[in-house]
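Structure record follows, encoded as structure tokens.
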Amino acid sequence: MTPSTALKVLTIDLDDTLWPCEPPIRLAEAQLLDWFGAVAPEVVGRHDQTSLREHRMGIMRARPDLAHDVTALRRESLRLVLGDFGYPPGLADEGMAVFMTARNRVDPYPEVPAALRALAGRYCLISVTNGNSDLERTTLRGLFHHSLTAGAVGAAKPDPALFLRALELAGAEPSQALHLGDDPALDVAAAQALGLAAVWVNRFGRDWPAHLPSPDGVVTDLDGFRTWLEGRDHGL
């Protein structure tokens, strides 16, 4: 992307780009285990968080058709675990509701809300995630023009489906779009392969993988990204 290219849309990753991913997942899995203890106590006699995760990974290997949809995958795992102990498989929906309530208790990095508000005034903001966060259930509700998940679109990054759908919604060409994310392969390289510019959010001082093409920019947070954009707009 050259300084003269009119930037129209920003696609933005969520987990570990706008908020730390591990804390809400850890909370959600703990609350799900508590739920099992209350409604299906025989399950917790045989399972803990580790074994439930292993069960879910086994289903991912056996059901590649679900691999892109973490919600469907987790629901199917809950359904089968409950069934193994004679509980109604339909309880899986109740368990997923418990999980998702905690999953969406995200804590954005400090600069994120104000930075997104500023960016939303200039660009079409579209979230693109392989996860299952519901932005409208978080404190960042209303800051994006569109929100896309791999489960809804039908494929996970690095597949181009999420980016293509974002471009379609924004009425933009790849040269008019820029992606912002924390994962070198799933975010940066995947976006660049489709012709988008891509900026790496490196909050933790990681090294860039030597086998991947360089990102178009590297920032440590969204304030740094806004500064980077200003430099781009002025040809700096």
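The values are calculated or read from the model by the stated rules, or taken from the named source; none is laboratory data. Since the model is a prediction, treat every value here as computed from it, not as a measurement. Neighbour counts run over all protein chains shown; Cβ positions are idealised from the backbone, glycine included. Each accessible area value is taken on the protein alone, full model and side chains, heavy atoms only, with ligands, DNA and RNA left out. Shrake-Rupley method; radii C 1.70, N 1.55, O 1.52, S 1.80 Å.
Quick look at the values:
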item: Failed criterion for ALA152 (all others in (1) free of Cβ contacts under 8 Å to residues at least 12 places away in the same chain; (2) touching a helix residue (DSSP H, G or I) at 6+ places or on another chain (Cβ under 7 Å) hold); result: (2)
item: The range 117-134 - residue that is in contact with a Ser or Thr (Cβ under 7 Å, 6 or more places away or on another chain) and polar (S, T, N, Q) and, of those, most open to solvent (accessible area, probe 1.4 Å); result: ASN132
item: Some residue of the range 214-223 being in a helix (DSSP H, G or I) and surrounded by 14 or more Cβ atoms within 10 Å (Cβ to Cβ); result: yes
item: Selection count, the range 189-213, where residues are surrounded by fewer than 16 Cβ atoms within 10 Å (Cβ to Cβ) and either part of a helix (DSSP H, G or I) or at positive phi (or both); result: 3
item: Subset of the range 37-54 [surrounded by 15 or more Cβ atoms within 10 Å (Cβ to Cβ) and within 18 Å of ARG103 (Cβ to Cβ)]; result: LEU52
item: Unmet requirement for ILE25, which otherwise passes all of (1) open to solvent by 70 Å² or more (accessible area, probe 1.4 Å); (2) under 30 Å from GLY217 (Cα atoms); result: (1)
